[in-house]
Amino acid sequence: MKRIKTEQAPAAQNEKQNPIMLVSITGTSEDLQDHDTSGPLKYEAAEVQLEAPAISIQGAAKKVEENNDGVSNEDVGFHMQEFSKTEKEVGQANQEDVTLVADTSAVTKSGKPKIKGVSMIELFTPEQIREHITGLRQWVGQSKAKVEKNQAMEHSMNENSCQLCAVEKLNFDPPPIYCSPCGARIKRNAMFYTWGSGDTRHFICIPCYNESRGDTISFDGTNILKAKLEKKKNDEETEEPWVQCDKCEAWQHQVCALFNSRRNDGGQAEYTCPNCYVEEVENGERVPLPQSALLGAKDLPRTILSDHIENRLFKKLKQERLDRARFHGKSYDEVPGAESLVVRVVSSVDKKLEVKQRFLEIFQEENYPSEFAYKSKVVLLFQKIEGVEVCLFGMYVQEFGAECEQPNHRRVYLSYLDSVKYFRPEIRTVTGEALRTFVYHEILASY
Ligand SMILES: [Zn+2]
Ligand SMILES: [Zn+2]
Ligand SMILES: [Zn+2]
């Protein structure tokens, strides 16, 4: 078997994912709280101290493209200037940032250290585990064709299948890449040119490459030697990583096993799969860990802003539920409501927007500022679904303050907004919109 029980380098993994799915948090709790009590929010990004909850659910990797709900995935901005649309601060956590909360000293029969909470399964009762496995095989959030295809695989399950979801390979949706000179999206399986790495990696589509005669390609005032470019095909596939049970040796997708590779100290932690775990619990060999053994979304530091959004959201939800109950001639408790919602501001950092050279040249006469200072914040909404904290909605905002020069003076730019369709319950308000849309709109309005 080719699979290896390894973990992907967190940095590489982060780059490949949609920002909204990243869950490492910047800002220490003390930092946030200190400033909370002393008036205006003003804090720097600090080393990560909290390990964020594992955010995963059935087929989690496939969420990226499913933006919907009437909130646009596109940048909705005003008074915006040219700047990078993607920020990375939420994803910049690295290996050292992970703090284990459970004791890691015990060594097990397999000789591997026992790290509590290496899988979230350890908090589940056998009943919840069965529910989780049944849930996996329903492929919530997937297209009908995909659901049928995946469910058909259940019948031909073999040793190469994940012993939980019954499917073999799970691929992540590839991150979209865009041509630096023209901004067009580079299609799947198309050729392109690239150079640089990380934040400064650039892509050039074939038409742009061909259009530029001579030895160099220029954009944004830089000239790049064509000879330095690397030609590639946009066909990279990222597979959901696997983990092997140390007891029964079955292989499973990490996401299906709710396995947190960041807690798996260098791949050495002992891992007991859900099936073996259920057996152990039922034989009285172990008991599920208390819910407090792992930090959840509600343990993320609160801020004045997050409290405000939450309070208003909960108030509005209560009102909506009352209206719905009245509309159906039922009592409040007889109609379903949204449970276990948590809103947090998970990043708040000072940044500078540098105006690009060409832009400055064009607006020379207007004495245009060469940079704008702003505070970048990330607001996330979580919901606990089947025992797992799921990040459903996120937005990146850029706050230009009173000191900032015009035209950005006292402006807020909504730089990125995304959501995934896992909100529960899947119902409509009396006015006909989906309840999840109502929630997203309320978060925006509260902000
Ligand atoms: Zn699986
Ligand atoms: Zn192009
Ligand atoms: Zn096992």
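Derivation of every value follows stated rules applied to the coordinates shown; laboratory data play no part. Computed from a prediction, not measured in an experiment: that's the story for all the values here. Virtual Cβ from ideal backbone geometry, glycine too; neighbours counted across all protein chains shown.
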Trypsin sites (Lys or Arg not before Pro) restricted to DSSP loop in the range 280-333 with at most 14 other C-beta within 10 Å: R286, K330
Two-site FRET efficiency, K330 against Q291, from Cβ-Cβ distance with R₀ of 25 Å, rounded to 0.05: 0.20
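Mind running the shape call on the range 168-320? Use the C-alpha gyration tensor, a ≥ b ≥ c as the square roots of the eigenvalues: rounded below 1.5 for a/c, prolate if a/b tops b/c, oblate otherwise.
Working: a/c = 3.27, a/b = 1.68, b/c = 1.94.
Because a/c hits 1.5 or more and a/b fails to exceed b/c, the range 168-320 counts as oblate.
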Spacing of the two label points (7 Å from each Cα toward its C-beta) at K146 and N283, in nm: 3.8 nm
Distance between modelled label sites at Y368 and A402, nm, 7 Å Cα→Cβ extension: 2.8 nm
Efficiency of FRET between N210 and K169 - r from beta-carbon atoms, R0 45 angstrom, step 0.05: 0.80
Between the range 261-321 and the range 364-439, the alpha-carbon center distance in angstrom: 24 Å
Residue exposure sequence - Y422, Y368 - by fewest surrounding Cβ within 10 Å: Y368, Y422
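Using the number of other C-beta atoms within 10 angstrom as an exposure proxy, rank I186, I443, I362 with the fewest first.
Least to most surrounded, the residues fall as I362, I186, I443.
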Exceeding the 29 Å Cα-Cα cut-off - candidates K377/K421; K146/K315; K116/K377; K330/K377: K146/K315; K116/K377; K330/K377
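Give me the number: length gained by fully extending Q357 to D235, i.e. 0.36 nm times residue separation minus the C-alpha to C-alpha distance, one decimal in nm. Intermediate values should be presented prior to the final figure.
Details: separation 122, 0.36 × 122 = 43.92 nm, distance 3.40 nm.
Stretched fully, the Q357-D235 segment lengthens by 40.5 nm.
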Under 30 Å between alpha carbons - lysine pairs in the range 179-314 that sit 8 or more apart or on different chains: 5
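What are the trypsin sites (Lys or Arg not before Pro) within the range 331-428 that DSSP puts in a loop, where the Cβ has at most 15 other Cβ atoms within 10 Å? Spell out each step's value before the answer.
Details: sites: R344, K351, K352, K356, R358, K375, K377, K384, R410, R411, K421, R428; in loops: K356, R410, K421.
Of the trypsin sites (Lys or Arg not before Pro), the ones in loops of the range 331-428 whose Cβ has at most 15 other Cβ atoms within 10 Å are K356, R410, K421.
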